[in-house]
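*Asks:* Sharing a structure, written as structure tokens. Questions coming.
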Amino acid sequence: MNKRQFMKIMCDTFNLGSITPSIVGYHIDCILMGMNLIKVPGRTGYKLFFSIYPLWRQSLRACLGYPSFLQPILDNKNMDYILPEDMAENEIDDALHLYQSQISYSHSEDVSFTELRKYLKSCISNHVGIRSNFVLQMKIYELLYGIALYRDDKETANDICKTISDNIIQWDDKIFKYWYGDKAEYLLRLMDFDSNRINLFDNVSLNLAEPKVQKLPHFSFL
């Protein structure tokens, strides 16, 4: 069985829609959530990832080019699971079972923002790769901040601002500037909730009109 056939099985099994040949998922208000299949360099196989993408960048292409969160699916030895390019039926069954057992979201119902926030914060605290990389942490903080703005949840937005402000001095200046610009200017922009919310809604509306998004299963945040 090939990649295209496997992705169809994933869609049928977990109520996902095709976004690109390598990304399947569904739409929750202002984000896309689902699964990525990424070719492993130098090997004839793919890694599976649970993925979350924002819908508030300036184009859908920009949104899909920069995931906010990727969680690799692990095998029984706690290593990244590799699905061969030429997939046998038992290997597909293994992939489906591992994905289902490691991802708590059913992909068939509305999602609690409180639970998603708790889950992503636990990843920052407990996942070694994220805990040691502030850029990956920032991706999650900005994801939560964007969802909070969309929901007009100023309490969560303020909490994210405070968390970033409390930790930003510890983060390498050059690396931060490469990704986000000057630290002081970034914090000022972050606190401009009203302007950021307007821009976010404008971009979300634009990306929701994309045919690839419109055809996806759609749920909401609780």
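The values are calculated or read from the model by the stated rules, or taken from the named source; none is laboratory data. None of the values given here were measured: they were computed from a predicted structure. Note: ideal-geometry Cβ built from the backbone for every residue, glycine included; neighbour counts use all protein chains shown. These accessible areas exclude ligands, DNA and RNA; they are computed on the full protein's heavy atoms, side chains included. Shrake-Rupley method; radii C 1.70, N 1.55, O 1.52, S 1.80 Å.
*Asks:* Give the accessible surface of the stretch 65-222 per residue, rounded to a whole number of Å², with probe radius 1.4 Å and ligands, DNA and RNA excluded.
*Replies:* Each residue of the stretch 65-222 exposes 57 Å² on average to a 1.4 Å probe.
*Asks:* How large is the helix-only mean residue ellipticity at 222 nm for the chain, computed as the sum of -39500 (n - 2.57) over DSSP H runs with n ≥ 4, divided by its residue count, in deg cm²/dmol to the nearest 500?
*Replies:* -15500 deg cm²/dmol
*Asks:* List the trypsin sites (Lys or Arg not before Pro) within the stretch 42-119 that DSSP assigns to loop and that have no more than 10 neighbouring Cβ atoms inside 10 Å.
*Replies:* Here the sparse-neighbourhood loop sites are K77.
*Asks:* Next question. Tell me, what % of the accessible area of the stretch 85-222 is carbon and sulfur with a 1.4 angstrom probe?
*Replies:* Carbon and sulfur atoms account for 50 percent of the accessible area of the stretch 85-222.
*Asks:* Round to a whole angstrom and tell me the spacing of the C-alpha centers of the stretch 63-102 and the stretch 163-222.
*Replies:* 28 Å
*Asks:* Cα centroids of the stretch 106-150 and the stretch 9-31: how far apart, whole angstrom?
*Replies:* The distance from the Cα centre of the stretch 106-150 to that of the stretch 9-31 comes to 19 Å.
*Asks:* Ratio to report: Rg/Rh of the chain, with Cα atoms as the point set and Rh obtained by the Kirkwood method; give two decimals.
*Replies:* Using only Cα positions, Rg/Rh for the chain is 0.97.
*Asks:* When the chain is fully extended, how far beyond the present Cα-Cα distance does V135 get from Q214, taking 0.36 nm per residue of separation?
*Replies:* 25.4 nm
*Asks:* Moving on to the next point. Any of K39/K212; K77/K177; K3/K118 with alpha carbons more than 28 Å apart? Name them for me.
*Replies:* Where the Cα-Cα span goes over 28 Å, the pairs concerned are K77/K177; K3/K118.
*Asks:* Moving to a separate point now. How large, in Å, is the stretch 114-195 by the Kirkwood hydrodynamic radius built from its alpha-carbon pairs?
*Replies:* Result for the stretch 114-195, one decimal place: 13.2 Å.
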